[in-house]
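Some notes on the structure that comes next.
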Amino acid sequence: MFRKYPKRKSSFGTLLKILAALFVLGVLGLVAAGTFFYYRVAQPPLDFPTQEFITIDNGSSLSSVATLFQNKSLITNADAFKALVYLTGRENEIKSGTYYFARPQDMLGLVQTVLGGTYNVPVHKVTIFEGEAAYKFAPRVAAELPFVNAEALTKLAKEKEGYLYPDTYNFPADSNEEKVVSIMEKNFNDRLEDLASDFGKSKYTKEQIITMASLVEGEAGVASYETKQKVAGVLWRRLDIGMPIQADAVFSYIYQKHLPRVLLRHLEVDSPYNIYKKSGLPPGPIGNPSIDSIRAALSPIDTGNLFYLTGFDGKFYYAKTLSAHERNRRLHLNYNN
């Protein structure tokens, strides 16, 4: 007879159950650890500096960035931040520059932000009008940009007067005075690339042409391109024969305010820009001319006239002689000063 023995339970099946249980426990442990890490370490601090600029200097190490972020309350634990960056294997790829945080970011988001160079810096739209000088547009730019001082920008932009193109700009909010001037100057140079051959053909220097263009802008800013060409023709003719240029637009620049009407007392001001009292062009541009005014200064229309005025009707009236000019004044201005 055969003795019956009880069947043994499979040891392999038991092992699978144990491993499955350990796996579940491991997953639960990771979930618990991850949850603990996120809510106790990776969550953004309550005093996260929203709507502020944070600058990472060029060449900053991971440790210095982590310390900066902790000191600025972007994170609560510098070591945890460093550990997350090390896990990516990109600890040497943190992008320097100025970052802007419109809303709080958790630690994982911050890691992605600095590794990707996602600066999120907003822009401020500012329009620089044709013919505007530094003293006029600088306060308006400074009112929009937190890192720009009006007085400092006025001083810096005045050194580039005439060579800062009037346009509508989207300035990054972290711009300083140097960056504003650099952006405007680059725009000017880009605009003039197509006119390089015209400058080369002119008998006048680039400085003379830009200065003349600023006068044309001041004298005939809203007029047609052809009118600007004719005004340029009159002013160049005066210069060529040694006659004082006598453009009224210089006085708003001299007095640093808009003068709707130039009076006799204004003409007596002692200034190198007073081209009523001195011959030749002023020492530099009196504003930043548009491309049309620059083109007009490069391609003037010489009608033989030496005088012009803008009547109360907004039209330009020209004359070859002083007596004819005085007649135009009586007819179209109704005053004799």
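The values are calculated or read from the model by the stated rules, or taken from the named source; none is laboratory data. All figures in this text were calculated on a predicted structure; none of them were measured in a lab. Heads up, the Cβs are rebuilt from the backbone with ideal geometry, glycines too, and the neighbour counts pull from every protein chain shown.
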In this structure, is Asp313 under 24 Å from Ser197 (Cα atoms) and assigned by TED's automatic domain parsing to the domain that holds Leu267?
no
Report task. Check segment 167-183 and report whether any residue there is assigned to a loop (DSSP other than H, G, I, E, B), out of contact with any strand residue (DSSP E or B) (no Cβ under 6 Å at 6 or more places or on another chain), outside the structural domain of Lys320 (by TED's automatic domain parsing) and within 20 Å of Gly131 (Cβ to Cβ). Result -> yes
Restricting segment 295-327 to residues that are part of a strand (DSSP E or B) and of a type in the set (A, V, I, L, M, F, W, C), the one surrounded by the most Cβ atoms within 10 Å (Cβ to Cβ) turns out to be Phe316
All-but-one check, Ala102 against (1) small (Gly, Ala, Ser); (2) surrounded by fewer than 18 Cβ atoms within 10 Å (Cβ to Cβ); (3) closer than 22 Å to Asp292 by Cα, failing number (3)
* To do: Taking Gln112 as the residue in question, decide whether it is touching a residue at least 60 places away in the same chain (Cβ under 8 Å) and over 30 Å from Val216 (Cβ atoms).
  => no
Within segment 117-156, residues polar (S, T, N, Q) and assigned to a loop (DSSP other than H, G, I, E, B) come out as Thr118, Asn120, Asn149
The number of residues in segment 198-234 that are of a type in the set (D, E, K, R) and free of Cβ contacts under 8 Å to residues at least 12 places away in the same chain is 3
Considering only helices (runs of 4 or more DSSP H) wholly within segment 188-294, the ones with at least 2 residues that are surrounded by fewer than 17 Cβ atoms within 10 Å (Cβ to Cβ) and outside the structural domain of Leu322 (by TED's automatic domain parsing) are 196-201
